[in-house]
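Derivation of every value follows stated rules applied to the coordinates shown; laboratory data play no part. Owing to the predicted nature of the structure, the values given are computational and were not obtained by experimental measurement. Cβ: placed from backbone, ideal geometry, glycine included. Neighbour counts: every protein chain shown.
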Amino acid sequence: MDARLFIREITAEKRYRDQVAHVREIPPRQAVYAECRREIPELLWGLLRRQNIHRLYRHQAAAIEAVADGRDVVVVTGTASGKTLCYNLPVVSGLLADPAGRALYIFPTKALAQDQLGVLQRWAGQDRRIAEVLAPAVYDGDTPAHNRAKIRSGASVVLTNPDMLHVGILPYHGKWHQFLRRLRTIVVDEVHSYRGIFGSHVACVLRRLLRLCEHYGSRPQIVCCSATIANPLELTGKLTGREMTLIDNDGSPRGRKYFVLWNPPFLDLPGERVSRRSANVEAVDLLVELVRRRAQTIVFTRARIVAELVYKYAREQLAGEEDLAGRIRPYRGGYLPMERREIEQQLFTGRLLAVSATNALELGIDVGSLDAAILVGFPGTICSTWQQAGRAGRTASDSLVILLAYNDPVDQYLMRHPDYLFGAAHEHAIVDPANPYILAGQLSCACFEKPLTAEDEAWFGPLVGDVAQAVADDGQMKAIDGRYYWSCSGNPATQVNLRTISQNNYAIVNTADGHKTIGQVDAISAPELVYPQAVYLHEGEPYIVSQLDTEGKIAYVEPAKVDYYTQPVLASQCRITATREQRPRPQGQTCIGDVDVTWQTTAFRKVKYYTMELVGQASLDLPAQTLATAAMWWSPPEAARSGLSAAGYNPVEALMGVRNLMLAALPSIAMCDRRDISGVVDSANLGTPTVFVYDRYPGGVGFARKGYELFDDWLDICSARPSTTTRTWAAATPCPTSRPPSCCWTC
Amino acid sequence: MALPESRRQKLDMLIRSLAAGKIKQAEETLRAAGRPKPPRKLLALEEVAPGAEASNPQGAFWLIRRRLAEVSPEAPSVQKEYLAVLRGARHRFDEMRASAALCHVADGQPEGPLFLDVETCGLAGTCVFMIGLMSCRDGELVFDQLLARHYGQEPAILAAFAERMASAETLVSFNGKAFDMTNIRERAAFHGLALPAEPPHCDVLHESRRRWRDIVPDCRLQTLEQYLCRRRRVGDVLGSEIPDVYHGFVADGDATRLKSVLHHNLLDLLTTAQLLCLLLTGEEPCVDL
């Protein structure tokens, strides 16, 4: 597409004037090829030529050489740069040389494993000689029990996810011993998604895997792939415990890309300037214009309901214009796998012109390269922004990315400071496999698999002895002759969840169609999406929720002709259940203890399509969800608050800014991800405004505790000149955006 | 109504904990206090399972050897039946329908089969802590229970079993193809122990399904025992409790409850032998349902 022409034409219209805050041209890049100095079997070249690949990009050649040299590799190149070839080629040529060898591919989601299964199956389908050695199979929670033994013994490439590895493979290593003994390569794709608590768990799971491999006599090579992050070597080094070789000389070509920052106009009078036109509405209009020009487009929204609404509105606007309305579909988590596969395929083949998606399509499922991406609201991190933007990018022509701003502080900050977006480093991905809480769970699993000895410090660090003894004191391990044995019944892996968010799903069942399951939703989101009388949108079609069975985890829905959609009204609170320690400090009283964080859908509103008119509301009686976790809290003294008032700030709002700074600063002290912690400002518990910072993991993981112990350092970081990252988060305050984003009165 | 003193103490403790902001601790203490453990007599392993330490290059373990006559009042009749059937008297089974392993057993001598029943620490490929064996020696059925007194003795019992299996003509088990031998193989691989070739293995579960599926409610061992051997167990330990019993034994050395596990294992072996006899005679037992 001609992106510049599109921008020019569309901004010529009165409705769109003065909305482009910034246009950044990202220059095109020629492909850089390289001869691979390691031999690739002619059989595989034949296969590549059939896929129209005649030469390798230089990063592919470099990766293949490094793997052939026996090194552990992390490949960090752009979206659609042919990363999978960097591991598929070495793995398959390894199988041709040694058919007894095995490979394990680990993906963060089941969908990605299925996607890659398809790729490998197509490889095997091309040539009988490849099929003889390449027998790929997915082994995850959905794999039927009767297929499992056959996969364990017969598959040469097993595709799985970390959760299944943790709970369904490693504890049963006896059944896998032949596979583990012959394991040559471990592929860890989308490695940037393993950070924070999840990443720290995955690091331990990988160590458990490597420890068992060593036990059974293999030392597999590791190939990681990552989207761009600031510290891929550090991250993968910590995840695997190996010294990694970085391959990031991206040789793939890309066309010119225009990145547009688009700020919807004010709706009110010039003097007021408070409300703006909705970014959602703007997204629909831009999408429709792009589809009319036959530009293949993806819209990324931050919420499921928005993905559905954008789809519905766009379809209705395009009704009657040839087949255009039928060539858009929504895509989000919660659709059934078959439906998702179908949409991905239709997008890939070009049958679909546009999808309205959530970040479910952000990870590397191959849908081909598109002409345009519309990001409705800042996705939250620089990494995600570039991942989503990377979906647009043709090699031979221009592509277009539009970041549409919401009227919230972070988005508005970005509109004013484009250099932040284009200049800032990508985020650091932090993992801490030595976190004692995580270690306690993971060492239990490791001990169950193989008794722990002093040698395990090499895998899990110097805390092994102390943590194992703590578990032994509870009677779950027993030390005999210098080894810790697991000494109670049950598989401890079932008690250790790798992710902060539970994997439990609700089924969404259509009672009007033989109780067919039409979709699913995770247990945390269910009360916000499928509460009784909610309008549940699925592929733009409205259903009304007739009943939410929280026991059976089923939402019963039926199709309904309604002219409104619904929005939940959420209430949350943080309640102290126990104070463990308190320490008065010059900055005020600080405490560490236990809190119950609860949230609940208390009511919902009916909102009319298009006009957004409120046409009704009702209260709900749904059980609250509770996170019992560890928190630290801090009550600044009265004098500080009055000082703030005197300076013209609202003390509570200013404290919220401080909370944001504290949340932005804690990860570097506690070695966690920003999303592993959360915080509130609350006066109800103690009668005075208090900042609470808590771990977003049941029972806590020690992050708030770390902040409590290192409180002075923490506040120092907050009061130092905030880094750009810190500034963005700090900008997420309720203060008017005309003020500096920090509200960071000196602590 | 007067409060019992123990309850009063618990309530006081709860109030103190609430005041101190330690509700969770109180809950835990209460839960622990809610399960009063009566003072019990510790029983040493030697008292419940007269045996002797045995050892091999993999280490030491506890070997409990008992003749059938020592453990079962039914001994003379069961033994007589076993010897008669295995010597070939009254073979009536349909060789065309029977498995090769069953034919192998039928063709051999009473001393040929090695009966096998293992006990493990759980389902997920965990430690094997006891390997129960039974075989016929000098006209008598003899049990050998190879017991790991703690987790570290597993290699020793596996190695001892390997030696026994090497000289066995046939293996006889109940569900041993899927469970017992699978576990043994996995654990031997884990410890890097080589196992000898497995002799023909007659799995009585599979044979029983073929023969009696339609006349009994299900083919679990204890169901068959009840309907075909006309025996019911009293006070037997539940299979699901066995791992906990063993972990408890390793933790404090008290063998009180382990005794029932040892007995459970013996009965399983014995019933397997009785079922084998029924299979070989081809008699259709009269089953009252």
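Overview of results
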read-out	value
Shielding of A:172-178 by partner chains, average beta-carbon count, 10 Å	5
Spherically averaged projected area in nm², based on the convex hull that wraps the Cα atoms of region B:57-281	12.0
For chain A, size of Cβ-based charge dipole, Lys and Arg +1, Asp and Glu -1, in debye	1320
Charge tally in the Cβ shell below 14 Å around A:Arg340, where Lys, Arg are +1 and Asp, Glu are -1, A:Arg340 excluded	-3
Percentage relative contact order, region A:196-319, counting C-alpha pairs under 8 Å, at least six apart	14
Local net charge near B:Leu171, Cβ-Cβ under 12 Å (Lys/Arg +1, Asp/Glu -1)	-3
Ranking of A:His177, A:His215 by count of other Cβ atoms within 10 Å, fewest first	A:His215, A:His177
Positive dipole terminus of chain A, leading residue within A:Leu620, A:Thr566, A:Ala319 (C-beta point charges)	A:Ala319
Percent of beta bridges antiparallel (DSSP, chain A, rounded to nearest 5)	60
Gain on full stretching of the segment that runs from A:Asp268 to A:Ala424 - 0.36 nm per residue minus C-alpha separation	52.8 nm
Positive-end residue of A:Asn660, A:Thr77, A:Leu112, charge dipole of chain A with Cβ unit charges	A:Thr77
Loop-exposed GluC sites (Glu not before Pro) per DSSP, neighbour cap 15 Cβ within 10 angstrom, longest uninterrupted part of chain A	A:323-550
Rounded if a/c under 1.5, otherwise prolate or oblate - region A:592-657, Cα gyration tensor axes	oblate
Extension gain (nm, one decimal) between A:Glu638 and A:Arg583, 0.36 nm per residue minus Cα-Cα	18.1 nm
Shape category assigned to region A:320-403 from the gyration tensor of Cα positions, a/c cut at 1.5	oblate
Debye, to nearest 20: dipole size of region A:485-569, +1 on Lys, Arg Cβ, -1 on Asp, Glu Cβ	280
Ranked list, fewest to most other Cβ atoms within 10 Å of each Cβ, for B:Leu141, A:Leu112	A:Leu112, B:Leu141
Relative exposure of A:Leu159, A:Leu663, A:Leu5, judged by other C-beta atoms within 10 Å (fewest first)	A:Leu5, A:Leu663, A:Leu159
Over region A:38-247, relative contact order from alpha-carbon pairs under 8 Å, at least 6 apart, %	28
A:Asn52-B:Asp236 pseudo-label distance in nm [points 7 Å out on the Cα-to-Cβ vector]	6.8
Where labels lie 7 Å past Cα in the beta-carbon direction, separation of B:Arg209 and B:Asp252 in nm	4.1
Radius, Kirkwood style, for the protein assembly as shown when every pair of distinct Cα atoms is counted (Å)	33.0
Listed pairs A:Lys14/A:Lys561; A:Lys150/A:Lys553; A:Lys110/A:Lys606; A:Lys83/A:Lys312; A:Lys312/A:Lys516; A:Lys110/A:Lys150 exceeding 29 Å between Cα atoms	A:Lys14/A:Lys561; A:Lys150/A:Lys553; A:Lys110/A:Lys606; A:Lys83/A:Lys312
Tensor-based shape of region A:454-597 (alpha-carbon gyration tensor, a/c under 1.5 rounded, otherwise prolate or oblate)	oblate
Label-to-label distance, nm, for residues given as B:Gln109 and B:Asp94 (7 Å Cα→Cβ offset)	3.2
222 nm mean residue ellipticity, helices alone, for chain A (DSSP H n ≥ 4; -39,500 (n - 2.57); rounded to 500)	-10500 deg cm²/dmol
Given charges at beta-carbon only (K, R positive; D, E negative), |dipole| of region A:436-495 in Debye	160
Pairwise centroid distance, computed over Cα atoms, of region B:92-129 with region A:441-503, Å	36
Environment charge at A:Thr236 (Cβ cut-off 10 Å; Lys +1, Arg +1, Asp -1, Glu -1)	-1
Rel. contact order, % - alpha carbon contacts under 8 angstrom, at least six apart, region A:156-245	34
Given charges at Cβ of Lys, Arg, Asp, Glu: region A:38-247 dipole, positive-most of A:Cys225, A:Ile169, A:Ile64	A:Ile169
Rg and Dmax of region A:38-247, Cα atoms only, in Å	16.0, 44
